[in-house]
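Some notes on the structure that comes next.
Values in this text are rule-based calculations from the coordinates and carry no lab data. This one's a predicted model, so the numbers in the text were calculated from it and none came from an experiment. Because the Cβ atoms are built from the backbone with ideal geometry, glycine has one as well, and the counts that use them run over all protein chains shown.
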Amino acid sequence: MSALLYLAQDPPAKETLAPINYPAVLPVLIILGAACVGVLFEAFLPKHQRWSAQVFLTLLALVGSGVALALYLSDAPSGGETTFSNAISVDRPALFLWGTLLALSLGAVLMIADRSVEPGGAFVATAAIRPGTIQDREQRLGAHPARSDAARYGMQTEVFPLTLFALGGMMTFCAANDLLTMFVALEVLSLPLYLMCGLARRRRLLSQEAAVKYFLLGAFASAFFLYGLALLYGYAGSVSLSAISNAAAGSDRSDTLLFGGMALLIVGLLFKGSVGPFHAWTPDVYQGAPTPITAFMAACTKVAAFGGILRVLSVGLESTQWEWRGVLWGVAIVSMVIGAVLGLTQTDIKRMIAYSSIAHAGFLLIGAIVLTPDGVSSTLFYLLAYGFTTVAAFGVISLVRNADGEATHLSQWAGLAKRSPLVAAVFTFLLLALAGIPLTSGFIGKFVVFSAALSNGMAPLVVVALVASAVAAFFYLRVIVLMYFSEPAADGPSVTVPGAFTTAAITLGVVITLLLGIVPAFALDWASGGTFAIR
């Protein structure tokens, strides 16, 4: 009888999910959709049509995604919103990071598409070619001079959809509202990068070594992240950042799971941001990867990583900041010291920029620790400024070449100003920006981050950062002195005249670096236009 009465009752109401807000996530959908179309191009288009089709599709996707982002910005709610069952948070910081990633990716894709600096492009024609074989020599040097450029050298066009997949993962990563979505996005952005690091046309062994190191260390970092996610789920009963924050603020459970999960999760995030002492992959990968991919990683991966760090610290772990704040103080100091001191000992210019990025990661971590609106906006601005400067710097590095490819040893840059005054002047300006000299975006970035830290009672950390900046400035100035006050070797490298794509990428980076140093108000206002959406 009781069973019949139960069946006679009205059925329980089904939980209805909010509809997906497609205009809000359209920029990400365009990028991932174009990546899937790019895979189909590789499967069905003839080889001689792939390069032009992939370049057009990739640039169209970036522009289309940017237009969709601009249209959504016009009526986006100031408090942000969540969609995809609260898995994605589309708020002002996420929109700023998306715009930054799209702009930086445009410069990186232009460098990837260039085939004038390195005939046939910077990427090996067939990824399975073993270093040192006859096929390897032919794809580097061109076995048949009478053939066209495409036929002689071959083209690696799979790199374009891989770049779009990585970019889509980055955009999802910095907007993820729960840790499981963040982990999936982390893998989507990481796996294409592991592949692209091993595709260099020249120095194949070094490139493949970089890919293997990045893959192995990245796998360890992903394991740390996933184990931390599991512990936090065991503590809070949810992977949502807001649920973790609520549980940490008012739970009577043991804090062992909370602190263990928090530590492992932050280690995984710091690895992806190349923050010392979790930086071991950075110098080797920056040196061995094809330079366009190095530029893409150095700029865009750091934006995505620190976007994720900001969201996790501000939304998920804000209530426990007194527990992790002191630890991250120490991590920031270690990163700045490692980057500044070890950068002094480098003789390879790509490794020097790698250690520079480790020092800059320490500066960025200062802004991420602040957890105030000023701290968030200053960190976002720093990411924008650093990204454009870095893309342009690697574009210049790709132009200085010898018979073996890029001339990255510092001794080969001696007297560069006498061989190419324009290239030396541009690189000098970019190095001064990385050093934080006034009238550059680097100076404004450091100024706003340090100001936010000082207003939050972090004066000792700012003092350490200023000392590290002064030490790091030495290895930037050393390159400038080498270019202008040393005699070039008789058999020194030449400076390749860049094609339209690389010229556009370098020009874009230099102009933005200058504009953000002179009139930074627009970018600062946009960066400070809202807070993280908490659902």
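Straight Cα distances below 30 angstrom link Lys446 to the lysines Lys272, Lys302, Lys350, with same-chain residues fewer than 8 positions distant left out.
Could you tally the net charge around Thr282, taking each other residue with its Cβ under 15 Å from the Cβ of Thr282, Lys/Arg +1 and Asp/Glu -1?
Value of the local net charge: +2.
Between Leu466 and Ala489, the FRET efficiency estimated from the beta carbon spacing at R0 = 51 angstrom works out to 0.85. Of the two radii for segment 212-351, the radius of gyration is 1.03 times the Kirkwood radius, both from the alpha carbons; that is the Rg over Rh value.
Quick check for you: which residues of segment 462-488 have the amide N under 19 Å from the point 7 Å beyond the Cα of Phe447 toward its beta carbon? Residues 462-463, 465-467, 469-470, 473 fall inside that zone. For the Cα trace of segment 353-466, dividing Rg by the Kirkwood Rh returns an Rg/Rh value of 1.08.
Based only on other Cβ atoms within 10 Å, what is the fewest-to-most ordering of Asp525, Asp178? Write down the numbers at each step before the final one.
Details: Asp525 11, Asp178 24.
The order, fewest Cβ neighbours first, is Asp525, Asp178.
Which value in deg cm²/dmol, rounded to the nearest 500, describes the helix-derived mean residue ellipticity at 222 nm for the chain, given -39,500 (n - 2.57) per DSSP H run of n ≥ 4 and division by the residue count? Intermediate values should be presented prior to the final figure.
Values: 23 runs with 367 residues, N = 535.
Result for the chain: -22500 deg cm²/dmol, rounded to the nearest 500.
Based on every Cα atom in segment 227-278, Rg and the maximum pairwise Cα distance Dmax equal 11.6, 35 Å.
The Cα atoms of segment 151-244 define a convex hull whose projected area, averaged across directions, is 6.6 nm². Spin-label pair Val327-Ala70: with each label point 7 Å from Cα along the Cα-Cβ axis, the two points sit 4.4 nm from one another. If you line up the long axis of helix 349-370 against the longest principal axis of the chain, both from Cα atoms, how many degrees apart are they, to the nearest 10? In the chain, helix 349-370 runs at an angle near 20 degrees to the longest axis.
In this simple spin-label approximation, Phe220 and Thr503 carry label points 7 Å from Cα along the Cα→Cβ vector, and these lie 4.6 nm apart.
Determine the gain in length on full extension of the stretch Ser319-Leu206; use 0.36 nm per residue of separation and subtract their C-alpha separation, reporting nm with one decimal.
Numbers: separation 113, 0.36 × 113 = 40.68 nm, distance 4.47 nm.
Extra length available between Ser319 and Leu206 comes to 36.2 nm.
On the basis of the beta-carbon distance and an R0 of 41 Å, Ala403 and Glu187 show a calculated FRET efficiency of 0.55. Using Cα-Cα distances under 8 Å and only pairs 6 or more residues apart, what relative contact order does segment 242-389 have, in percent? Computed over segment 242-389, the figure is 30 percent. Taking θ as phi - 60° and the Karplus parameters 6.51, -1.76 and 1.60, the scalar couplings of segment 478-487 work out to 4, 5, 5, 4, 4, 6, 9, 10, 10, 7 Hz in sequence order, x denoting glycine and proline.
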